[in-house]
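These notes concern the structure reproduced below.
A short reminder: the numbers here are calculations on the coordinates, not readings from a lab. Values in this document were obtained by computation on a predicted structure and should not be read as measured data. Note that each Cβ is placed from the backbone with ideal geometry, even for glycine, and that neighbours are counted across all protein chains shown.
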4 protein chains.
Amino acid sequence: MGELVRTEISKIPYLHIFGRTGRCKQPLPLFFNGSGIEVKVTGSELWIEIDTDCDNMEVWVAGEINGALISRQMVMPGKQKICLFRSQEPTEAKTVRFYRELQATSENETTYLTVESLLSDGEFLKTDDYPLKLEFIGDSITSGEGTYGSLADTVWVSMYMSASVNYATMVSKELHADYQLFSQGGWGVYCGWDNDMRHNIPSHYEKVCALTQCKKNIDMGAHEDYDFAYQPDVIVINLGTNDNTAFDQPEFTDPVTGVVHKQHRNVDGTYDKDDIAAVKKAVYDFVTMLRKHHPGSHIVWCYGMLGYALTPVITEAINDYRKNTGDNNVAFINLPNTLEGEYGSHMHPGYKSHKKAAKVLVDYIKQVME
Amino acid sequence: MGELVRTEISKIPYLHIFGRTGRCKQPLPLFFNGSGIEVKVTGSELWIEIDTDCDNMEVWVAGEINGALISRQMVMPGKQKICLFRSQEPTEAKTVRFYRELQATSENETTYLTVESLLSDGEFLKTDDYPLKLEFIGDSITSGEGTYGSLADTVWVSMYMSASVNYATMVSKELHADYQLFSQGGWGVYCGWDNDMRHNIPSHYEKVCALTQCKKNIDMGAHEDYDFAYQPDVIVINLGTNDNTAFDQPEFTDPVTGVVHKQHRNVDGTYDKDDIAAVKKAVYDFVTMLRKHHPGSHIVWCYGMLGYALTPVITEAINDYRKNTGDNNVAFINLPNTLEGEYGSHMHPGYKSHKKAAKVLVDYIKQVME
Amino acid sequence: MGELVRTEISKIPYLHIFGRTGRCKQPLPLFFNGSGIEVKVTGSELWIEIDTDCDNMEVWVAGEINGALISRQMVMPGKQKICLFRSQEPTEAKTVRFYRELQATSENETTYLTVESLLSDGEFLKTDDYPLKLEFIGDSITSGEGTYGSLADTVWVSMYMSASVNYATMVSKELHADYQLFSQGGWGVYCGWDNDMRHNIPSHYEKVCALTQCKKNIDMGAHEDYDFAYQPDVIVINLGTNDNTAFDQPEFTDPVTGVVHKQHRNVDGTYDKDDIAAVKKAVYDFVTMLRKHHPGSHIVWCYGMLGYALTPVITEAINDYRKNTGDNNVAFINLPNTLEGEYGSHMHPGYKSHKKAAKVLVDYIKQVME
Amino acid sequence: MGELVRTEISKIPYLHIFGRTGRCKQPLPLFFNGSGIEVKVTGSELWIEIDTDCDNMEVWVAGEINGALISRQMVMPGKQKICLFRSQEPTEAKTVRFYRELQATSENETTYLTVESLLSDGEFLKTDDYPLKLEFIGDSITSGEGTYGSLADTVWVSMYMSASVNYATMVSKELHADYQLFSQGGWGVYCGWDNDMRHNIPSHYEKVCALTQCKKNIDMGAHEDYDFAYQPDVIVINLGTNDNTAFDQPEFTDPVTGVVHKQHRNVDGTYDKDDIAAVKKAVYDFVTMLRKHHPGSHIVWCYGMLGYALTPVITEAINDYRKNTGDNNVAFINLPNTLEGEYGSHMHPGYKSHKKAAKVLVDYIKQVME
C-alpha cells in the first residue's frame, strides 16, 4: 500500500456526481437517494470521508465496485471515514460508486449527508461516459420504500428505503445511464396520501432540494433555485399513488394555516368531480413545468405499480396537454401492478416488482431513444 | 371397453360450450379460436365426430384432459372421428376439452368446423361451473398468431395461430373462467393494418360471426344477429395495434366500391388530426356498442403488447366516454410490451409475452372482481 | 401448389433418420420414442404416409417445423396420410421433423408405426449436419412418462409419454445433436420395478428392438442383432430408479418359468447384501456391454431424477469398472431430484424437471466434448 | 427512545449463537463466516459492541431484521458500536441476526472479531427454536467466495466472500435450521489447491478454530479441542474441488519442513494411482472422524459446483466406508455444476449457482429428515 493522499471531493479529477446539487460543491451534499459519486481509481485502497447527522431518520449509504453492490450500511452522526476498498491490486483501475440510500427526508431539520474528501494511494482516471441521461420523479416507490426488510416489517424507518434495490437504479444500470432521483414517500402530484396539501412534488421541484429543512443543507443551497443544467433525455414521473389514497383518508388540517383539506368520493365511490379535476390540473401543470425546464426531454408518466385507479385522470391530463400544446414528446404508460409474492416490506413493491417495472421501462426507453 | 354409443352433440348432457354460437346447435359450429366443448365423462374411451373443410387456411384443433393440453393437430376436409382418449380407467371421470385453434378466418369461403357428435362408453356428468365469465376481443395477438412456430417462420399460415398458447386462455384457466374470443388478425378498431376500412372489428361484432364468408357457416347462422345471451363479467379489448400500423402503410383501394383510404402522418411524423380523430371515435363508439349489449360488464381496453403508440388516443376516447356517460365501469391498462427473447414466429408475441400479459390481466381482473 | 409427388421413404434424398432401425428401410419402422425422420424441403405442401396399429397402447406422433413443435396427435390403426405443412411459401426450405412419441411398448403384440412415403410438391435438400451424436438409455423418465397430462392423471396410458417434452430431446436440440433413445417404463438395469427379472434393459439392448412383440415389427427385423453402426459420442444411461423400487414391491413369479424373484431389504431397511450386489453386477456388466459395442463413446450414468437411493451401488460399480479396466471414459453424475411443483402426471418428472436435468446434461456434455 | 442499557453478550437472555465457539464466551469470538448471534428484542433501538482487527483481510459483517438482510459492511480495527436498528416501534419484537461474512482466514495473525455487548432499550425475549441442526464443511464455495463482486473482479480480497449470499445460509433459512460453517478457501480434504499439504480441512477440524493464527483468537480458545456439543442432524461436506486443482498445479515446498509435495497426473491425463488413492483415503478418514464426533448425524458429501472430476474417487471412498463399517447414514450427491451466467466474481459460483445448489440440498435434507 502506498501512502494515502486526501483530496477534497471538489478537487477529485474526473469525479462523476449523481443527483442534483446546488452551488456548494465542497463539501458535496448528497440530498436524494441515488445521489452519489463515482470515480475510477487505481491503488490498493480508497476511503471516503463523509459528514452526517440525523434524528430519527438516519442516513444509509451503499458502495459498489465495478457495478456490483458490495456494502450497505447505516451511518451515525459525525464526520467519519468509510473504507470503500482495500488490499486491491494497485495497478488495476476500479470503478467505485458511493451513494445515499435514503430519500431527501422532507421536513427533517437534522438529517444531512456530505462528502468531504477521498483518500487514495492511486490515481484518478477518466470515468465511464454516460451518454444517456435519465431523471426519475416519484413517491415512496421511487424512494425504494419496502425494497429492504421482510414482508412482516411495517414500521416506517429509513432502513427499508433504498436506491440500491430500486427500479430507477436498475433501469439506469441496464441502459448504462446517468440518472437523478427526486422522490418523497407519501407525496403526490397534487397532495399527500393524508390530504396534506403541502406534500405535492411540483411545489418543491424548482428548488435544489426544498424537501429538506435541515439548516446545514439550506446553507449549502438546498432551498435555492435549481439550475436545471442537467438535461435528461428521458424524465420518468411515477406519481399518483398517494393522490389516490388521499380520497380514502380523513381530512387534514394544515398546522400552520389551519386550512382543512380533503379529497372526496361521491356516495357511489367515484371521485368527486372537483377534487379529481384538481388532480388532473396538477398533472397538467407539472408536465408544463417540466417542459419549461427541459425543452428536449421525453417525458413519460408511469403509473400502476400499486394499482391503476388514477389511470383515467392522468391520461386525460397528458392527452389534454398534448392536444393543447401540440407537444407530443410526452407519454403515458402503465407499469405492471405489484402481484402477490412481489411485495417487500411495508406493503410496498419489493425486489421482484421493481425488477419487472425496470424491464418495461428499459424496453420503453430503448424504443424512445431509437 | 364397453360399447361406444354415439350421441349427437346437442343431446350431450351437461355439455359446456365455449365461444359464440348462433341458432344452429346440431351440428355445433366452432367459429372462433377458443370455441369448443367441454364434457366430464367416465368410460374408457371418448371420440369426437367433426366435419371440416378448408382451402389454404386449414383448421387446427386442440384437446385437453383434466386441464392439460394433450394434442394439437391439423384437420383435413371431411367428416371424421378423432379419439380424445382411450384405455382410461372406466369408472374415473375425465374432464375433456376440445377446441378450435384457428381464428374465424375472415373472407374465407370454405373454412368451417362443426362438432357432430361424441362417441363414448361412459356417462356424462355435470361439468365444472365457471362462475366467472370473460370475453376477449382482439386482433392477431388474441388470435395467438406467432404462438407456435420458430422465430424464423414468417409465412402467414394457420398453423402458427392458436388458442392453446394464448394469454386469453391462460387468464381464463388461471381464473377458472368461462371465456369467448372474438379476434381477427390484421384488423383494427377503425381499419385494418393495410388501411382496408372493412377490416374493423366493431362492424362485425353484432353478428354471430360475420367474419366468415363460408356458405355452410352462414347457413348455420353465422351472419345473423348475435343474441348476447352470454354476459361476461369482464370484457377485455386488445385492439389498436393494426390501427397504428395503417399510418405507415400505403393507401388501400376497396375492390368493391373503389373507395381509397389511407391514414396519414404529418411531415413531422405525428398523426394527421382527422385520421387519428377517426380512430378515437371508433374506440368511443365501440365501447358504446359493447356497453349497449353488456350493461353489467366491466370493460377494459388493453394495449401495448406490440408497442404503446396509440395509448394517447385510446385513453382519450375512454376518458371521454367515462366523462360523457358517467359510466366508470370502463378502464384502460397497458399490457407490457413484447421484449427481445419473448417473440414467437412471424414477429408476434410468443409464449413468454403471452404469459407476462396473462399475469397482468389475472391480477387486474382479480381486483376488479373483488 | 404444385402437384404432389409420392416418394417412398427409402428413396427420399438426404433423409435423416433418428433412432435405431434394422435392415428394413421400406417401410421405415419407428420403434422407439424419438425415432423419426427429418427432411429439408421446399414446396408449399408436405404429407407423410404412415401405417400403424395398436391395441390399448396407441401410437402418438409429433411434428416440428424449423425446430418448433407444431403438432402432437394420436394415430389410429391403418395406413394414412398426415399433412406436415401446407400453404407455405414454395421456394423456401423448411426443415421438418416427424417422430414417434410413444416408447417401444414391451411385450405388445400389436403396436407398430412405419413411415411409408412422403408426398411433396417441392425438392428435398441436404439436411443439417449433426456432428455430435448422443444416445440415451433409460426407463419411464426417458420415455417421457408424465411429461403430458395433469398432476391428477395417474392412469398408465400412452398419451402421457413423449419425446417432445423430454430431457433427451432438449439436450439434443440444445447441442444440435443427433440422438437415439432406448427406454422402457418400469424397467431397470437388473430387474423391473415389480421384481420381474425379464424387465432389464441390458438383455434387450443388443437386438434392434427386442422390446416389441409385434409380428410386423419382428418381420421388419426388430428382433435381429443391432449393427451398432451408430456410434454416439456420448451415451447417457438413466437407469436404477426401478431397481430401487423393486426392493419395496412383492415378489414376482415369472409366468413362463414359474421362477419367483424378489429384491429384499434387511429388517433395518438396508438392502440385502446379495440382492444389491446383483444390481451392482448388472451395472458393471451393462457398462462392459456398452463399451464393447461403442469403443470410443463417453459413457455417463445419470441418476437422481426420482431420488438418490441407488447412488452408492451405481457409483461402486462404475468405480470398480474404471479401476479394473483402466477405462476412465466412464462417469457418474447425479441429475437433480424432481422437486415439488416440478412433477407432471403419474408422479413422474414434468416439464420443469426435464428442463432442469437437460441443463445439467448440456453443460456436462459440453465439458466432455471440449 | 428509552435509555440504552449495555449488557455483556454473555449475559443476554435467550441469546442464540450461530457457529462454533470455544470456552471464551465473554467477549464472544466469531471465528467463521456465518458465525453470529441472534436475539429477539423489543425497544426502539439496538446496538452491538464489537472489537476487531485485521491486516490485509478485514472483517465484513452482515445484519438482518426479521430474516431479511439489511446491512453488509466492512469493519475497521478497533472496539466500536454498530447500530442494528433504531426508531422502531418499541413494543414490537424484532428478531435480529448479526454475523460474520468473512471465513476464518487461515494463517492470519491479526484478524479477529468479537462481540462484546448489546445496548438496548428493550427486553430480550425467547428466540425462535431451530429444531433442525445443520453443519456445512467446505472450501471457497462454502466461504461464499465470489458471491459479491462483479464477474470482472478477480482479486482475492475479503469483500467478495460472504455468508449472506451462500447456499449454506439459504438452505438453513429455508429449512428454518440452526447451522455452523467450517470452510476455508483453497483448502481440500487432502491438500490445498497449490499442493500445500497443510491445507487440508480434517487436520484442523477437531480444534475450535485452528485455522486462525491470531493470538487474540488463540487466547480465546481457538486452538483448543472443540467439544462437539453441537450435534447436527445433517453434515454437508462440500470438499474436493481444490484436491482436483492440485493435480494441475506445480509442486509445493513446505516453508517449514522443506518437504515438497505434488499430486501427479499420468501422461494420459489420468490421476497418478498413489496420489488419487491418498485423496480417497483422506475422504474415508474424514468421514470416519466426523462419525466419531457425530454418531447420529446424517453425513452427505456434496460435490460438483465447480466440476465433477473427483466424483469417482469420492464415491469410492464413501462406498468403501459404508461397506466396511455398515454405516449407511453416509451418502454422496452431486450438486449441479455452475453454468455460464451463474458465476459471480473470481470465477466462483455466484448467486444463481448458490440458489440452485440450495434447492437441491433443501430437497435432499427434507427427504433425509422424513
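Sorted from closest to farthest, the other copies place their C:T253 label points 7.7, 8.8, 9.4 nm away, with each point set 7 Å from Cα along Cα→Cβ. Put simply, the amide H of A:Q180, placed in the peptide plane, has neighbours under 5 Å in A:L134, A:E135, A:F136, leaving out anything fewer than 5 places away on its chain. Note that the range D:132-369, at 4 °C in a medium of 1.567 mPa s, gets a Stokes-Einstein diffusion coefficient of 71 µm²/s from its Kirkwood radius over C-alpha pairs.
If both residues of a DSSP beta bridge must be in chain C, then about 70% of such bridges are antiparallel. For chain B, the 222 nm mean residue ellipticity estimated from helices alone, with every DSSP H stretch of n ≥ 4 adding -39500 (n - 2.57) and the total spread over all residues, rounds to -6500 deg cm²/dmol. Would you mind getting the Kirkwood hydrodynamic radius of the protein assembly as shown from its Cα pairs, rounded to one decimal in Å? Evaluated over the protein assembly as shown, this radius sits at 35.7 Å.
The calculated FRET efficiency for the pair C:M369 and B:D248, based on their C-beta separation and a Förster distance of 41 Å, comes to about 0.30. Other residues whose C-beta falls under 12 angstrom from the C-beta of D:E8 contribute a net charge of +1, scoring Lys and Arg +1 and Asp and Glu -1. Counting Cβ atoms of other protein chains within 10 Å of each Cβ in B:58-65 and taking the mean gives 3. Computing FRET efficiency as 1/(1 + (r/R0)^6) for A:H293 and A:L339, where r is the C-beta to C-beta distance and R0 is 30 Å, gives about 0.25. In this assembly of identical copies, the label point of B:K273 (Cα plus 7 Å along Cα-to-Cβ) is separated from its counterparts by 2.8, 9.5, 9.9 nm, sorted shortest first.
A simple packing score, the average count of other Cβ atoms within 10 Å per residue, orders the peptides B:127-135, C:142-150 as C:142-150, B:127-135, with the highest score first. Chain B comes nearest to the axis taking it onto chain C at the Cβ of one residue; that residue and its distance, in whole Å, are B:Q73, 2.
Extent of the range A:303-353 along its three principal axes (Cα atoms, max minus min coordinate, largest first): 41, 18, 14 Å.
Which value in Å is the Kirkwood Rh of the range A:159-210 over different Cα pairs? In the range A:159-210 this quantity evaluates to 12.6 Å. Counts of other chain beta carbons within 10 angstrom of each beta carbon in peptide D:156-169 average 2. Can you compute the label reach from B:T257? Point 7 Å from Cα along the Cβ direction, backbone N cut-off under 15 Å, restricted to the range B:182-211. The answer is B:190-192, B:195-204, whose backbone nitrogens lie closer than 15 Å to the label point.
Taking the longest Cα principal axis of chain C as reference, the axis of helix C:273-293 is set at about 40 degrees.
Remark: the range D:202-208, residue by residue, has Karplus-estimated 3J(HN,Hα) of x, 5, 10, 5, 8, 9, 3 Hz, where x stands for each Gly or Pro and the curve is 6.51 cos²θ - 1.76 cosθ + 1.60 at θ = phi - 60°. Taking the label point 7 Å along Cα→Cβ, A:K355 and its counterparts in the other copies are spaced 0.4, 1.3, 1.4 nm apart, in ascending order.
Amide hydrogen proximity for C:L125: with H placed 1.01 Å from N in the peptide plane, the residues at 5 or more positions away or on another chain lying under 5 Å are C:K40, C:V41, C:T42. As a calculated quantity, the FRET efficiency between D:S203 and C:Q231 at R0 = 60 Å, using C-beta atoms, amounts to about 0.80. Couplings for the range B:120-128, taken from phi via the Karplus curve 6.51 cos²θ - 1.76 cosθ + 1.60 with θ = phi - 60°, read 9, 10, x, 10, 8, 10, 4, 7, 4 Hz in order; Gly and Pro are left as x.
For the residues of C:333-339, the average number of beta carbons from a partner chain within 10 Å of their own beta carbon is 6. The H on the amide N of C:A68, modeled in the peptide plane, is under 5 Å from the matching H of B:S150, each at least 5 residues off or on a different chain. Normalised by residue count, the range A:5-125 yields a Cα convex hull volume of 92 Å³ per residue. Each residue of the range C:153-160 is assigned a 3J(HN,Hα), and the resulting list reads 7, 10, 7, 8, 10, 5, 5, 8 Hz, derived from the Karplus form 6.51 cos²θ - 1.76 cosθ + 1.60 (θ = phi - 60°), x at Gly and Pro.
So what's the angle, to the nearest 10 degrees on a 0 to 90 scale, between helix C:311-325 and the longest Cα principal axis of chain C? That helix lies at roughly 90 degrees to the long axis.
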